[in-house]
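Following: one structure in structure tokens, then a few remarks.
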Amino acid sequence: MLLYAAFLLSPTLIQGPLLLFTGLMIVVITFSSVELALYLLILSTLLSPEITFGGASKAEVAAGLVNTNESRGLTVRLDDIMLTLICFTWMFRMAIQNQLGIIKYTPINQAAWYYWLACAFTTLIAFFAGKVGLYGLFFVVKYLEYFVLFYIVVNHLHDEAIIKRFLIMMIFTCLIASLIGILQIPGGERVSAPFEGSEGEPNTFGGYLMFMFSIVLGIFLHTKDTKQRLLLLTCLLTILVPFVFTESRSSYLSFIVSMVFFLFFSQRKTLLIVCFLGGIALAPIVLPQNVINRVMFTFNQAEQEGQLAVGNLKVDTSTTERLRAWEDVMTKNFPQNPIFGVGITGGKFLDAQYPRVLLETGIVGMVLFVWFLRRIWVLLRKSSASLKDPVLRGVALGALCGYAGLLVHAIGANTFIIVRIMEPFMIILGLVLAMRLLEQEKSNDEKKQAERQAKIDAKHELALQENALKA
């Protein structure tokens, strides 16, 4: 704690000792208790400081010289370090215990690993060709860590109570981050995640809050206890306030999509429709003017050179840049390397997931990425329909609808790369699958028990019949 406090006061001076001490502690904790290490990782996801190595200066950014991923430098957060050390320590621990071969099969195994191999393959080719530096390899390792984190959760959670404790920890972390976000509102700036330095990322924070709001809403819709519902309603309102003040249009759109999918898949449609209609009616009264201006700015920005027109409407310069980035990838960059792409971070910086995947991994990587996304959708859809525990079924429904929102959020952000979205997402995905596997194991055990009992009863009945015949 002293090192952490010292970092907040003097980050440059203390960052070396802090990183070393943190790393050693994480290794020790992971070896002794994977569960405790995951608790700390969940807390650090939104509540950890960041350190940036290299990259362009603010003057270079303002001058428009930042046009590649590497020119933005390498930003390292405490949760990045924890994720890396936990994953590699877990794999080392499994190896020395000869347990690497008993990792559970999951429905996303093949898609996840094939997509990661495509990323690794194209990046290594670009690396040896001198087109990608170590920065790209760091990203490839980060992708691997997301998948390993998912496997850690699935393979180490074998108890319903533990699964629910992890869920409580995730909601608690979200509430702390939300309260810190609320404290930022009087400053007048867009709300972003805690400890993000001088330049926050409201779009990232908005995507995270949208997903966690969906999780809590899913639980709320499946909970019958009045006290729990009031508590969950308080959580929803607490998350919603900073979400609105992120002023992230991608997040707003993803939120709408998530709510639409709740209407499709939830059994509480009447309640949802009433709430949505009430929200729409109150929005013009409740929403602050700066939020309304932010949304309307998309189409009513003062005319500037280079603005694109969508129909009869001209969109703002920020949206124009994103649309032009998509156009450049499809018409200029992608045709130059259509099969395997330019490697991770080998192209210009794109703040949009889908064109970035296409640019960096080509048509091969894009197909595998879509396959991976589809397998996640199928997993969540089946889980939301099959889980028996009402709380976890609500989590699965919330994850499904929140995932639909993230798919839209990825149009204007690198959603499935960002650690502050992917860590919670992969943990939730692991919790849902762990509970599903646990219920399947219980069901199989009950069937086996019933079969054994049936055999015993049959033998007993046969013995009674034989005794009757003898008599």
(request) Only residues that are closer than 19 Å to TYR143 by Cα and of a type in the set (A, V, I, L, M, F, W, C): list them for the stretch 312-363, please. (result) PHE340, VAL342, ILE344, PHE349, LEU350, ALA352, VAL357, LEU358, LEU359, ILE363
(request) Would you confirm whether any residue within the stretch 150-165 is farther than 30 Å from LYS388 by Cβ and among the hydroxyl-bearing types (Ser, Thr, Tyr)? (result) no
(request) Scan (1) aliphatic (A, V, I, L, M); (2) modelled with pLDDT of 95 or more; (3) within 28 Å of LEU43 (Cβ to Cβ) for the single condition VAL364 breaks and write down its number. (result) (3)
(request) Kindly indicate whether ALA413 is assigned to a loop (DSSP other than H, G, I, E, B), in the same structural domain as HIS222 (by TED's automatic domain parsing) and touching a residue at least 40 places away in the same chain (Cβ under 8 Å). (result) yes
(request) Identify all residues within the stretch 371-411 that are among the β-branched types (Val, Ile, Thr) and closer than 21 Å to ASP328 by Cα; write none if there are none. (result) VAL408, ILE411
(message) I'd like the residue in the stretch 349-396 that is among the aliphatic types (A, V, I, L, M) and not in a helix (DSSP H, G or I) and, out of all such residues, is nearest to SER443 (Cα to Cα).
(response) LEU387
(message) From the list PHE425, PHE416, exactly one residue is touching a helix residue (DSSP H, G or I) at 6+ places or on another chain (Cβ under 9 Å) and either over 29 Å from LYS224 (Cβ atoms) or of a type in the set (Asp, Glu) (or both). Which is it?
(response) PHE416
(request) Name every residue in the stretch 121-136 that is of a type in the set (A, V, I, L, M, F, W, C) and buried (at least 18 other Cβ atoms within 10 Å of the Cβ), in order of residue number. (result) ALA126, PHE127, VAL132
(request) Would you check if there is a residue in the stretch 423-433 being charged (D, E, K, R), in a helix (DSSP H, G or I) and either touching a Gly at 6+ places or on another chain (Cβ under 7 Å) or over 30 Å from ILE256 (Cα atoms) (or both)? (result) no
(message) What pairs come out if I take residues in the stretch 303-323 that are farther than 19 Å from PRO355 by Cα and pair them with residues that are modelled with pLDDT of 75 or more whose C-beta lies under 7 Å away, six or more apart or interchain?
(response) GLY306/THR320; GLN307/THR320
(request) Determine which single condition THR319 fails, assuming it passes every other condition in (1) loosely packed, with under 13 Cβ neighbours inside 10 Å; (2) within 21 Å of GLY405 (Cβ to Cβ); (3) at pLDDT below 80. (result) (1)
(request) For the stretch 356-380, name all the residues that are closer than 20 Å to ILE428 by Cβ and either free of Cβ contacts under 8 Å to residues at least 60 places away in the same chain or of a type in the set (S, T, N, Q) (or both). (result) LEU373, TRP377, LEU380
(request) Could you please find all residues in the stretch 72-95 being surrounded by fewer than 19 Cβ atoms within 10 Å (Cβ to Cβ), at pLDDT 70 or above and under 25 Å from GLU201 (Cα atoms)? (result) ILE81
(message) I'm told MET330 meets every condition in (1) surrounded by 18 or more Cβ atoms within 10 Å (Cβ to Cβ); (2) of a type in the set (A, V, I, L, M, F, W, C); (3) out of contact with any Lys or Arg (no Cβ under 7 Å at 6 or more places or on another chain) except one. Can you identify the failing condition by its number?
(response) (1)
(request) Would you point out the residue of the stretch 382-418, among those that are under 21 Å from ASN155 (Cβ atoms) and among the aliphatic types (A, V, I, L, M), that is surrounded by the fewest Cβ atoms within 10 Å (Cβ to Cβ)? (result) LEU387
(message) All but one of (1) outside any loop (DSSP other than H, G, I, E, B); (2) under 27 Å from TYR208 (Cβ atoms); (3) touching a Lys or Arg at 6+ places or on another chain (Cβ under 8 Å) hold for GLU439; state the number of the condition that does not hold.
(response) (2)
(message) So, PHE88, is that one outside the structural domain of ILE344 (by TED's automatic domain parsing) and more than 17 Å from the chain's Cα centre (by Cα) or not?
(response) yes
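The values are calculated or read from the model by the stated rules, or taken from the named source; none is laboratory data. For clarity, every value in this text was computed on a predicted model and none was experimentally measured. Every residue, glycine among them, receives a Cβ derived from its backbone with ideal geometry; neighbour counts consider all protein chains shown.
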